[in-house]
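These notes are about the structure you will find just below.
Every number in this text was worked out from the coordinates using simple rules, so none of it is lab data. All of these numbers come straight from a predicted model, not from anything done at the bench. Neighbour counts run over all protein chains shown; Cβ positions are idealised from the backbone, glycine included.
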Amino acid sequence: MNRQIFINLATKNLSKAKTFFGELGFQFNADYSNEDACCVIIADNISVMLLSESHFKNFTDKSICDSQTSAESLLCISCESREEIDNLVSKAKSLGASVPREPQDHGFMYGHGFEDLDGHTWELMFMDQSANQ
């Protein structure tokens, strides 16, 4: 079996969230998208389901955390280069994301990130395998 992972995130405004991730360059899977949900393709086996808060509540009896003030998760995506990270962070910021921390440069590993329009934390990471040898 070729497993897939679907990360489910509640969003206050699905239309704005979809525009945000589309402008960052992500593609969508129309088979798993409708007026209450949008499937963002991260990689072949990894997708993020952006769900309207009302639809998200169909899957849990728990309250939805306010991701602007509480951390529900830290999502980390590997990138091809430092430049890709810097470009994504810059673009995310221009689309309304916040950038709460400075980039972290550890020589062989470089990371930076942003908080999307709903406050979800997206970490971006590049590991230079040649520098680690």
Sort Asp61, Asp66 so that the residue with the fewest other Cβ atoms within 10 Å of its own Cβ comes first and the one with the most comes last.
Asp61, Asp66
Sorted by Cβ density within 10 Å, fewest first, the residues Ser54, Ser63, Ser90
Ser63, Ser54, Ser90
From zero up to wherever the largest Cα-Cα distance of the range 65-133 sits, split into 5 Å bins and tell me the percent of pairs in each.
4, 18, 27, 23, 14, 8, 4, 1, 0
By how many nm would the segment from Ser130 to Glu35 lengthen if fully extended, with 0.36 nm per residue of separation less the alpha-carbon distance?
29.7 nm
HN-Hα couplings for the range 15-28 via Karplus (6.51, -1.76, 1.60; θ = phi - 60°), in whole Hz with x for Gly/Pro, come out as 4, 5, 5, 5, 4, 4, 6, x, 5, 6, x, 7, 9, 10
For the range 1-61 (alpha-carbon point model, no solvent) the Debye-based log₁₀ I(q)/I(0) at q = 0.12, 0.28 Å⁻¹ works out to -0.27, -1.23
With Rg from the Cα atoms and Rh as the Kirkwood inverse mean 1/r over Cα pairs, the chain has an Rg/Rh of 0.98
Return Arg101, Arg82 ranked ascending by Cβ neighbour count within 10 Å, so the fewest neighbours appear first.
Arg101, Arg82
Could you work out how far the C-alpha centroid of the range 72-133 sits from that of the range 1-65, in angstrom?
20 Å
Taking Cα atoms only, helix 82-94 is inclined relative to the longest principal axis of the chain by an angle, in degrees rounded to 10, of 40 degrees
Percent relative contact order of the range 65-133, based on C-alpha pairs within less than 8 angstrom and at least six residues apart?
38 percent
Highest mean first, how do 20-27, 6-13 rank when packing is the count of other Cβ atoms within 10 Å averaged over residues?
6-13, 20-27
Phi-derived 3J(HN,Hα) across the range 47-56 with the Karplus relation (6.51, -1.76, 1.60, θ = phi - 60°), rounded Hz, x for Gly and Pro, is 9, 10, 8, 8, 10, 4, 4, 5, 6, 4
Can you spot the lysines whose alpha carbon is less than 22 Å from Lys91's alpha carbon? Ignore those fewer than 8 places along the same chain.
Lys12, Lys16, Lys18
